[in-house]
Amino acid sequence: MMRVRKIDLARVVARSFLLQALWNPERQQGAGFALALRPLFGRLFGREGEARALARHTGYFNTNPAFASYALGAVGRLEADRAEGAEIPAEAVDRAKATLGPALAALGDSLIWSTMRPVAAALGVTWVLAGSAYGPLLFLLLYNALHLYVRVRGVLVGWRLGLGFWEEGMRRRLQRLRVGLRVCAVVGAVALADAMVRHVAAAPSDTAPGALVVGAGLGLAWGEGRRLSASLVGLGLFSLALAWATLVR
């Protein structure tokens, strides 16, 4: 067996961007998952073993595209341990993939799609309404900063810790990150609502912005326990802001 190098892990990261390039209804991301791990299989198993490993990993797999990096790193580590002689049956690797897919999808969809994307969009639009031409750039920078960080770190952490990456400590850290991003989502929604109000009508009083912030804070405290998405909170605040601006014209 040849030793896996850092450049091989870098190739896994690069290929992870093609995870959905061969998406299909039957196996969904399976072919892309195998393609991303191919640099490791070539080093671990040689040409013949690589073909067998690729055939096994083209089966069904589906998760959040960014958080799939953790599964790629962890499954790659399992395959490396098998190549070194560890008694890990292929069925155990398949079960690990089947477990990681839904777990990472639930976490990644909530963090990336329902939280980070609305935050970045709200702040970008707010910049545009404030007269800046860099709003779209701000959106792209904010969204892709987290997205790219997860893509790279997921492979490295999964490779280093194997299935141990899904420990309680990591779940707590990601939960704190999700709560922090939800707070940022409400702040972004408030900023967007305030910008919209200023464009539709003049603020009715000096206390209006403070009242909007207090209302947003109460809404966040109420909505957090009910698992409201940042998109829904932002839409609600946006609708209230427009209604308010219309009434005070």
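Within segment 122-167, count every residue that is closer than 27 Å to Ala10 by Cα, at pLDDT below 90 and either open to solvent by 70 Å² or more (accessible area, probe 1.4 Å) or outside any helix (DSSP H, G or I) (or both).
4
Please work out if Arg3 is open to solvent by 70 Å² or more (accessible area, probe 1.4 Å), free of Cβ contacts under 8 Å to residues at least 60 places away in the same chain, touching a Lys or Arg at 6+ places or on another chain (Cβ under 9 Å) and under 17 Å from Gly162 (Cα atoms).
Judged against the criteria, Arg3 is a match.
Can we say Leu54 is closer than 19 Å to Ala34 by Cα, open to solvent by 20 Å² or more (accessible area, probe 1.4 Å) and in contact with a Lys or Arg (Cβ under 8 Å, 6 or more places away or on another chain)?
yes
Which residues, counting only those in segment 22-59, are assigned to a loop (DSSP other than H, G, I, E, B) and in contact (Cβ under 8 Å) with a residue 12 or more places away in the chain? Break it down stepwise before answering.
At the first step, the residues of segment 22-59 found to be assigned to a loop (DSSP other than H, G, I, E, B) are 22-23, 25-27, 29, 58-59.
Leu22, Glu26, Arg27, Gln29, Thr58, Gly59, listed by residue number.
Within segment 35-49, track down each residue that is surrounded by fewer than 21 Cβ atoms within 10 Å (Cβ to Cβ) and either modelled with pLDDT of 90 or more or β-branched (Val, Ile, Thr) (or both).
Within segment 35-49, Leu35, Arg38 meet the criteria.
For segment 64-118: of the residues being buried (at least 16 other Cβ atoms within 10 Å of the Cβ) and either basic (Lys, Arg) or not assigned by TED's automatic domain parsing to the domain that holds Glu50 (or both), which is farthest from Gly180 (Cα to Cα)?
Residue satisfying both the conditions and the ranking: Arg82.
The values are calculated or read from the model by the stated rules, or taken from the named source; none is laboratory data. Given the structure is predicted, the values throughout are model-derived calculations rather than measurements. All Cβ positions, glycine included, derive from the backbone under ideal geometry; neighbour counts span all protein chains shown. The area values use the complete protein model at the heavy-atom level, side chains included, leaving out ligands, DNA and RNA. Shrake-Rupley method; radii C 1.70, N 1.55, O 1.52, S 1.80 Å.
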